[in-house]
Each structure stands twice: as structure tokens, then as C-alpha cells.
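S.K.: Please see the structure below; I have some questions.
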Amino acid sequence: MENVLRPLIVIGGSVVLTLAIGWATDKLLQKADARNPHTPLWGLLRRGRIPYQLVLCAALLRGSYVEAGVLPKHRVGVAQTLTLVLIGSAAWLVIRIAAAIVETSYSRFAHARIHSDPARVRRVRTQVTLIMRVVSAVVGVVAVASMLLTFPEMRAAGASLLASAGILGIVAGVAAQSTLSNMFAGLQIAFGDMVRIGDTVVVDGEWGTVEEITLTFLTVRTWDERRITMPVSYFTSKPFENWSRGTPQMTGTVFWHLDHSAPVEAMREKLRDILRECPAWDGRDYGLAVTDSTPNTVQVRALVTAKDADDIWTVRVTVREQMIRWLCERHPYALPRVNTADAAQPPGVPHARTSPDGMPRRAHETPRTGRG
């Protein structure tokens, strides 16, 4: 009877004690979160309650399973399993705690700077994301290494592995050259402030917003909601447009090809009226000028400004559409057309007229009659 009750008491007591401590800790975090609404730290720490309970349960069972007499013939295997669970859950808990601390620090910074310096907030967000990925990778590698070192065979082979580490490092470096270059490029992007999450970029002729940055790849969400995934080394080795670099304010252009008789001065006044009614225009500047001419048309360019890339697109399409509509309604002669009329003669040159037989003749020629 004792052989049955003792394992039940030890295992059941460990589980009940784990649940009780986990419940009490969660209640304390709830109260701390309610008392400190200005910081999300305590609420974020509650995400680690599952690995926290696993650590408690594994530690209690690891220390008491010998007294319980559970599977005495497999004592080494049980101890090994509990140790592996303890190491894995501890690594999981460390990652959750680190994520809560980093996310809290970022939220405080973002709350203080989101209105004054949104570009810096995006840069810090990019750095925080990559830092958490590095921390997770390091903790995971350490946890796996610790698990492997719990096996006596691995400890015995450690000396030979260290002896061949130089050769293996060279082979791995050559084999994973592209992967390592992408990882270093990711760190360079994070701390070199080349591109940030939320930046508007143009890569390979595609316009979009940076949605995700990892140590190896970067995702750009295009205006039509496609996702372009590119290696981060692309952004350190090739030129690209970053419309959010520095200040987000932008100047855009709108072009029209019109007839030479286009009312340019009236178009300037109409441009001013259109921009005044356009909420996306930031009011900084505008202008309209003739920038080129051809034998058939003139090129008219309008300059407009906006606070960011999204608004400059809205201003450009609005100005283009409303100006063309206004020209069609008020000045249709200003639209480009193919001129099929006779060219105007220079002063002093008599105009050519058409004879009844279709042949041109001079103005002083008298028309021929049927009689001689």
C-alpha cells in the first residue's frame, strides 16, 4: 500500500503545489497590472505563466522523485527526462521575461516619441525586433547545448569536438556563407538605420511598405497588398529608394501634355483651388510651370507637397484628375489634338487657294472658265 500511496502523494503534491503557486503568482501579477496601468510589464509577464508552472513542476519532481520510488529501475532515465524538461521550460521562461521587458521599454519610448519623432520610433521598433530574435536564438542554442551536455556520451565527445572545431568552423563558414552574410546584413540594417519597419521603399520598381525585418530576410507589402520577400543582403549591396529616410515630408510632380494654347495662368489658379480643398495637401508649397515643348504639345508640370508618401500619392492623383476634368469642361481647346488645318503663312506671302480641279494656285490667278 505504501508503494502506491507514496508516488501518488509525491506526484500529486508536486502538481497541486505547482498549480497553487502559479495561481497565486498570476493573481499578484493581475493586481500589479491593475495598480500600474501606465506600464504593460505586469500584463506581459502573465504570458509566461505556462513555462513558469512547468519549471516549478519539473523542479519539484526532479527533487522528490527519488523519495517517491517511481520506476526505480528507470531512475536514470526519469532523472534525465525531468532535467531536459526543466532546461527547456527555463529557456522558454527566460525568453518570455526578456520579451516582456523589451516590449515594455519600447512601449514607453513609443508613447513618448510617437507624435514628435515617428521615424525614430520605427527605427527603435526595428532594433527591438531584431534584438529579441537574437536573444531567442542565443537562449535556444544555450538550452540545446545544456541538454546535450547532460548526456555522458556528449561530455566524453566534447574534447574531440573542440579539437576539430577549427576545421568544422571553416567548413561551416564556407557552406553557410550566404546565410552568415544575411545575418550580418540584418544586424547592419538594425543598427545602421538603413531601413526600418514601416518605411516606404521602392525596390526593383515596386513601391511598398516594410512590414517585417528578420536576421535573414525582409518583407515589403506593396500597395496592392502583395508581399515581396527579399534577402536583407540586398539592401546592403544594391541601391534602393527609402521615401521615409529623414523627414517623411515629400514633394510630388504631376505632368500634363497640352496644346500650345493652354491657359497656363488659369491653371495656376485652378491648382491653388484644388489644393485648398484637398485634405492630404500639407500647405507647404505648390507651383505650376511649362517645362518642355514639342511641335504638337507643351509639357506642364505641377509641384505639390504632402506630409508623407501616402498623402503625396493622394494629392497627385487628385490634382491630375480634377485638372483634366476642368480643362475638358472649361478649356477643351487646351487638350492635345492633331492639327489638320493649313499652316498659317508668314506675313507678305499670299495664301494658297485650291482650284476647281484640286490644284493649288496663287491668289492673283483668275479662275479658269469653260471658254478659252
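S.K.: Please list, or write none, the lysines whose alpha carbon is within less than 26 Å of the alpha carbon of LYS270, excluding same-chain residues fewer than 8 places away.
M.R.: Cross-link targets: LYS307.
S.K.: Additional query: At ARG47 and ARG272, where each label point lies 7 Å from the Cα along Cα→Cβ, what is the point-to-point distance in nanometres?
M.R.: 5.4 nm
S.K.: Taking 7 Å along the Cα-to-C-beta vector as the label spot, tell me the LYS27-VAL135 distance in nanometres, rounded to one decimal.
M.R.: Going by the 7 Å Cα→Cβ label model, 3.0 nm.
S.K.: Then there is this: How many nm is it between the label spots at SER146 and GLU206, if each spot is 7 Å from the Cα in line with the beta carbon?
M.R.: Going by the 7 Å Cα→Cβ label model, 4.1 nm.
S.K.: Continuing with this model, one more query. Sort SER14, SER105 so that the residue with the fewest other Cβ atoms within 10 Å of its own Cβ comes first and the one with the most comes last. Mind showing how you got there, number by number?
M.R.: On the way: SER14 21, SER105 14.
The order, fewest Cβ neighbours first, is SER105, SER14.
S.K.: Taking the mean number of other Cβ atoms within 10 Å as a proxy for protection, how do you rank 96-104, 326-334 from highest to lowest?
M.R.: On the way: 96-104: 16.8, 326-334: 14.2.
Taking the mean over residues of other Cβ atoms within 10 Å, the ranking is 96-104, 326-334.
Every number here is computed from the coordinates shown, using simple stated rules; none is lab data. These numbers were taken from a predicted model, which means no experiment stands behind them. Please note: Cβ atoms are built from the backbone with ideal geometry, for glycine as well, and neighbour counts cover all protein chains shown.
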